[in-house]
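Here's the structure, in structure tokens; my notes come after.
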Amino acid sequence: MLTLLLFGIEVCIALFVHDGFIRPYLGDVLVVMLIYCFVKTFVKVAVPKAALGVLLFSFGIEFLQYANIIETLGLQDNKLARTVIGTSFAWEDLVAYVAGILLVIAVEKRVTRNRLE
């Protein structure tokens with residue numbers, strides 16, 4: 001359910017929010033949380049491994065943006081590809097991804113601790 005909720009929020013941000021904070025920063029924090037939830041829905045993997053995998057994947061996508069992958073693949077006119085993959089590298093995005101993963105880890109620790117009590 002959380003995966004679907006985060007996906008819905010991300011779609012709304014992509015379609016309706018055109019500001020200087022929510023879309024570029026909060027959206028990036030939420031996207032790593034979305035990917036993490038998606039992975040954990042289908043794969044039984046420990047929290048640290050899933051979190052690190054999602055973070056590395058996100059960093060990889062960001063560096064593909066740096067390498068202009070959209071243009072290389074000839075997708076510069078494809079709005080969906082431009083929205084999903086992104087078109088411009090930003091160091092701030094990497095910070096947002098780390099923040100999102102740290103939030104995921106904190107929530108997972110809290111949930112685990114509450115289950116044990």
Hey, among the residues in segment 83-117 that are surrounded by fewer than 14 Cβ atoms within 10 Å (Cβ to Cβ) and of a type in the set (D, E, K, R), which one's farthest from Val32 (Cα to Cα)? Glu117
Just checking, does segment 106-116 include any residue being of a type in the set (A, V, I, L, M, F, W, C) and at pLDDT 95 or above? yes
Matching residues, segment 52-88, being among the charged types (D, E, K, R) and outside any loop (DSSP other than H, G, I, E, B): Glu62, Glu71, Lys79, Arg82
Any residue in segment 81-98 that is free of Cβ contacts under 8 Å to residues at least 60 places away in the same chain and at positive phi sitting within a Cβ distance under 6 Å of a residue that is part of a helix (DSSP H, G or I) and among the charged types (D, E, K, R)? List the pairs, counting only those 6 or more apart or interchain. none
Restrict the check to segment 69-80 and report whether at least one residue is among the hydrophobic types (A, V, I, L, M, F, W, C) and in contact with a Phe, Trp or Tyr (Cβ under 7 Å, 6 or more places away or on another chain). no
A careful count of residues in segment 70-82 that are surrounded by 13 or more Cβ atoms within 10 Å (Cβ to Cβ) and either among the hydrophobic types (A, V, I, L, M, F, W, C) or in contact with a Cys (Cβ under 9 Å, 6 or more places away or on another chain) (or both) gives 3
Surrounded by 11 or more Cβ atoms within 10 Å (Cβ to Cβ), more than 27 Å from Met1 (Cβ to Cβ), of a type in the set (A, V, I, L, M, F, W, C) and out of contact with any strand residue (DSSP E or B) (no Cβ under 8 Å at 6 or more places or on another chain): does that describe Leu30? no
Kindly indicate which of Phe59, Phe21 is of a type outside the set (Val, Ile, Thr) and at pLDDT 95 or above. Phe59
Note on Arg82: of the conditions (1) at pLDDT 95 or above; (2) within 16 Å of the chain's Cα centre (by Cα), unmet is (1)
Taking segment 16-51 on its own, how many of its residues are touching a helix residue (DSSP H, G or I) at 6+ places or on another chain (Cβ under 9 Å) and either polar (S, T, N, Q) or part of a helix (DSSP H, G or I) (or both)? 24
Quick test of your reading of the structure: Ala67 fulfils all but one of (1) under 29 Å from Glu108 (Cα atoms); (2) loosely packed, with under 12 Cβ neighbours inside 10 Å. Name the failing condition by number. (1)
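The values are calculated or read from the model by the stated rules, or taken from the named source; none is laboratory data. Source: prediction; values computed, not measured. Every residue, glycine among them, receives a Cβ derived from its backbone with ideal geometry; neighbour counts consider all protein chains shown.
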